[in-house]
Amino acid sequence: MKILLIEDDPHTSGYVAKGLREHGHMVEHSANGREGLLLASGGGYDVMVIDRMLPGLDGLAIVKTIRATGTKAPVLLLTTLGGVDDRVEGLEAGADDYLTKPFAFAELLARVNALARRPPMTEEVTVLRVADLELNLLKRTVTRGGKKIDLQSQEFRLLEYLMRNAGQVVTRTMLLENVWGFHFDPHTSVVETHISRLRAKVDREFDNDLIHTVRGSGYTLDVTQ
């Protein structure tokens with residue numbers, strides 16, 4: 001497996017790179033955010049491990065940039081910031097997982113392997129459509145009735161999940177796990193807040209609503225309701 005490690009702390013980068021190589025992985029390392037972005041943008045990596053605080057360009061900016069340009073390789077974000085809001089911010093930027101320092105190498109390795117096992121998005125499905133709502137996975141654009149809708153990264157991921165499960169009820173737990181990567185309840189209103197924002201953009205100016213609350217169960221994107 002080819003892994004990109006962007007980490008400026010020499011002790012951490014040496015420790016992580018040595019351990020990954022001992023487990024048979026190819027590791028390319030950068031200690032600078034701008035140099036790391038150039039490597040990340042070049043593609044070809046199975047997983048990227050990116051520190052949040054970097055000289056030159058911070059990790060969040062790197063993740064946002066590569067996601068905006070269509071790089072789909074899974075990203076594990078490393079940080080000393082362990083608060084729920086900090087984890088949410090990292091995941092909203094486009095990271096797939098989040099690991100707080102200090103960490104055990106065994107946990108990092110397990111998370112990297114888990115990210116690598118995620119099935120790649122099938123290339124055949126590049127556009128999702130429900131009624132007059134269209135989401136283009138390659139161009140990262142959303143339109144409804146031909147009108148462009150501007151979404152933030154996490155709003156896009158939320159809408160994608162709802163559209164992939166159109167007509168089905170998805171619970172708050174399902175959204176936390178599949179959109180935010182939480183396998184626990186962080187006791188925040190992040191789901192409700194993003195659903196509200198998404199409704200304002202997708203439904204407010206149109207005659208019929210597509211996003212519905214299923215009381216006591218969750219949410220559904222359904223044209224028949």
Exactly one of THR193, THR213, THR224, THR220 is modelled with pLDDT of 90 or more and over 22 Å from the mean Cα position of the chain (by Cα), and that one is THR213
Residue hits (region 140-166; touching a strand residue (DSSP E or B) at 6+ places or on another chain (Cβ under 9 Å), closer than 21 Å to SER217 by Cβ and open to solvent by less than 50 Å² (accessible area, probe 1.4 Å)) are LEU159, GLU160, TYR161, LEU162, MET163, ASN165, ALA166
Restricting region 34-64 to residues that are among the acidic types (Asp, Glu) and either modelled with pLDDT under 90 or open to solvent by 60 Å² or more (accessible area, probe 1.4 Å) (or both), the one nearest to the chain's Cα centre (by Cα) turns out to be ASP46
Restricting attention to region 28-75, the residues that are basic (Lys, Arg) and touching a residue at least 40 places away in the same chain (Cβ under 8 Å) number exactly 3
A careful count of residues in region 4-30 that are open to solvent by 30 Å² or more (accessible area, probe 1.4 Å), outside any strand (DSSP E or B) and in contact with a Leu (Cβ under 7 Å, 6 or more places away or on another chain) gives 2
Scanning region 68-87 for residues that are crowded, with 19+ Cβ neighbours inside 10 Å and assigned to a helix (DSSP H, G or I) gives ARG87
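The values are calculated or read from the model by the stated rules, or taken from the named source; none is laboratory data. What you are looking at is a predicted structure, and each value in this text was computed from that prediction instead of being measured. Positions of Cβ are backbone-derived with ideal geometry, glycine not excepted, and every protein chain shown enters the neighbour counts. Remember, those area values only see protein heavy atoms, side chains included, never the ligands or the DNA or RNA. Shrake-Rupley method; radii C 1.70, N 1.55, O 1.52, S 1.80 Å.
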